[in-house]
1. If you take the square roots of the eigenvalues of the alpha-carbon gyration tensor of segment 160-205 and sort them as a ≥ b ≥ c, do you get rounded (a/c under 1.5), prolate (a/b over b/c) or oblate?
2. Please compute the contact order of the chain in relative form: average sequence separation of alpha-carbon pairs under 8 Å and at least six residues apart, divided by the residue count, as a percent.
3. Using only the Cα atoms, work out Rg/Rh for the chain, with Rh taken as the Kirkwood radius, to two decimals.
4. May I ask for the equivalent-ellipsoid semi-axes of segment 92-144, computed as the square root of five times each C-alpha gyration tensor eigenvalue and listed largest first in whole Å?
5. For the chain, what does the helix formula give at 222 nm: sum of -39500 (n - 2.57) over DSSP H segments with n ≥ 4, over the residue count, nearest 500 deg cm²/dmol?
């Protein structure tokens with residue numbers, strides 16, 4: 001019997017790299033689009049830009065049983081191709097984001113979205129990531145098809161993707177390896193974050209693909225484990241000897257930028273209820289990777305041969321200015337007096353002893 005074919009649009013990122021082997025294990029043939037050439041004995045890589053209409057039309061001239069879409073679109077770009085994608089396959093899986101949610105705890109699939117609950121005209125007139133994904137979800141639901149599934153992953157780490165607050169690996173981890181300090185906002189230390197291992201998200205997605213019970217449904221792909229950013233920071237301090245300067249949120253925002261992500265995501269308590277996706281996939285919370293173990297394993301692999309995206313030189317210069325002059329002895333005393341971080345350090349030590 002011929003294998004069912006699954007196309008991953010833009011599937012070379014952290015989640016796509018975890019999903020492909022899971023799909024292969026489940027007996028699918030896997031095709032992945034990429035703007036750069038890749039070689040694999042088992043995955044078929046299709047070189048080209050999946051945002052290019054001519055390339056996409058050529059792809060869709062062949063029938064794929066399922067399409068998993070990792071592409072980042074503007075709202076108008078998605079509006080222009082939504083019908084085409086839905087009509088081209090038996091099952092279309094749209095990767096949204098948990099960032100569509102407003103300030104709720106815990107986050108369930110029915111929690112209010114920012115698009116529907118925020119009364120901020122300056123924010124609503126943007127197509128910022130959390131709003132764009134929510135608008136694209138609405139376009140998808142209005143297309144008149146039911147052969148789609150919406151998946152909202154929480155913060156996902158693994159491979160070369162690691163996050164700290166609003167910073168990515170090339171912004172903070174690269175500095176840690178160079179023994180240069182990073183900054184972190186005091187007001188964010190106590191906020192709760194949900195960080196899920198990419199391998200677990202890949203398993204979840206693989207069990208939703210071509211699952212008839214998932215058609216027309218929305219899922220939050222996440223672990224139920226949550227940690228304060230202070231605890232996450234302490235984990236990085238232990239694992240990569242990260243040196244941090246705690247600063248006011250206003251200073252952090254002026255250095256890093258991304259004011260909408262800070263205000264409408266990282267300054268919320270992000271605690272996920274993953275009951276729905278566990279039920280749909282037959283998984284249990286005990287199957288999922290604990291954060292302390294996942295970061296230790298993934299960072300261990302990454303640090304064997306670290307590679308980073310090009311750094312934003314202006315951001316790095318602002319960071320250097322924010323941490324200089326660095327007090328030698330006073331820094332540890334200053335950090336230790338910050339209650340949320342002190343509690344986080346103790347919590348991480350307990351985790352690492354288990």
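1. Since a/c reaches 1.5 but b/c is at least a/b, the shape of segment 160-205 is classed as oblate.
2. Relative contact order for the chain comes out at 18 percent.
3. 0.97
4. Each semi-axis is √(5λ); the values are 18, 15, 9 Å.
5. Result for the chain: -12000 deg cm²/dmol, rounded to the nearest 500.
Read-outs throughout are calculated quantities, based only on the coordinates presented, and are distinct from any laboratory measurement. Only a predicted model underlies this, so the values are computations on that prediction, with no experimental measurement involved.
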